[in-house]
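Right, one structure below, let's go through it.
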Amino acid sequence: MPRGSNQKFKLYRLAQIMMEQTDDDHYITMPEIIEELAKYDVTADRKSVYADLRDLSILGIEVEGEPIGNRYHYHVVSRAFELPELKLLVDAIQSSKFITEKKTNRLIKKLETLVSKYDAQELQRQVFVSGRIKTMNESIYYTVDAIHNAITENKKIKFQYYQWNVKKEKLMFYINLTSLRFCILHAVVMMKPVKTKCKKRRDCDFTK
């Protein structure tokens, strides 16, 4: 059998096929595996594919074959995340108002790569939270990361806030915080100003 031009990617393509097209409810047969590999210009025979399926376990991809009729049907039986865990993450991302709609969709697309194409459809679901609006500020995604880094390194953080008075004048004020995680996350994630220096937890005004 002549070798395909992408033969060196055989194991990678096999892993991709198994991860994308199989799960607990969807299987693939040996002829179908060989046919799918051919689409990537990778040639294979049964004997070599059997060996490659065993090698996938080294990569952490466990594949099982089940006899159905006169053929074996193969599917991935373990993944880094279970579908209910990913659904929980998707719900958290979609309902979080400090993550923009653009980044929400991007994050969910990345999570979809962790399951089969069939389970990915179940992750494409909307969560409606009454009265909650997605922020338009793309930089807040990185601001939260910077805040967590500052907390880890025990650095002081300064927040700049502003509000409008009755004369339509912008009034600026600053808040200095050190390591009170609760105050910081309230200010950034909840998008509400902390009105004191928050030297102690009881000094933070969370009632507005």
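The values are calculated or read from the model by the stated rules, or taken from the named source; none is laboratory data. Nothing here was measured: the structure is a model prediction, and the numbers come from that model. When we count neighbours, we look across all protein chains shown, and the Cβ atoms used for this are built from the backbone with ideal geometry, even at glycine.
Given V144, V189, which one is surrounded by 12 or more Cβ atoms within 10 Å (Cβ to Cβ), within 20 Å of the chain's Cα centre (by Cα), at pLDDT below 50 and within 30 Å of P84 (Cα to Cα)?
The unique qualifying residue is V189.
Among the residues of the range 54-85, which ones are surrounded by fewer than 17 Cβ atoms within 10 Å (Cβ to Cβ), under 19 Å from the mean Cα position of the chain (by Cα) and closer than 13 Å to S116 by Cα?
Across the range 54-85, the qualifying residues are S78, A80, F81, E82.
Would you confirm whether or not the range 14-35 contains a residue that is touching a strand residue (DSSP E or B) at 6+ places or on another chain (Cβ under 6 Å), without any contact (Cβ under 8 Å) to a residue 24 or more places away in the chain, surrounded by fewer than 18 Cβ atoms within 10 Å (Cβ to Cβ) and not in a helix (DSSP H, G or I)?
No, the range 14-35 contains no residue that is touching a strand residue (DSSP E or B) at 6+ places or on another chain (Cβ under 6 Å), without any contact (Cβ under 8 Å) to a residue 24 or more places away in the chain, surrounded by fewer than 18 Cβ atoms within 10 Å (Cβ to Cβ) and not in a helix (DSSP H, G or I).
Output the number of the condition that F9 fails; it satisfies all remaining conditions of (1) at pLDDT below 95; (2) hydrophobic (A, V, I, L, M, F, W, C); (3) touching a Leu at 6+ places or on another chain (Cβ under 7 Å); (4) under 29 Å from L111 (Cβ atoms).
Against the list (1) at pLDDT below 95; (2) hydrophobic (A, V, I, L, M, F, W, C); (3) touching a Leu at 6+ places or on another chain (Cβ under 7 Å); (4) under 29 Å from L111 (Cβ atoms), F9 comes up short only on (3).
Answer with yes or no whether R132 is at pLDDT below 75, under 30 Å from T22 (Cα atoms) and part of a loop (DSSP other than H, G, I, E, B).
Here the answer is no, as R132 does not meet what is asked.
Restricted to the range 42-53, and to residues that are surrounded by 15 or more Cβ atoms within 10 Å (Cβ to Cβ) and outside any helix (DSSP H, G or I), which residue is nearest to the chain's Cα centre (by Cα)?
V42
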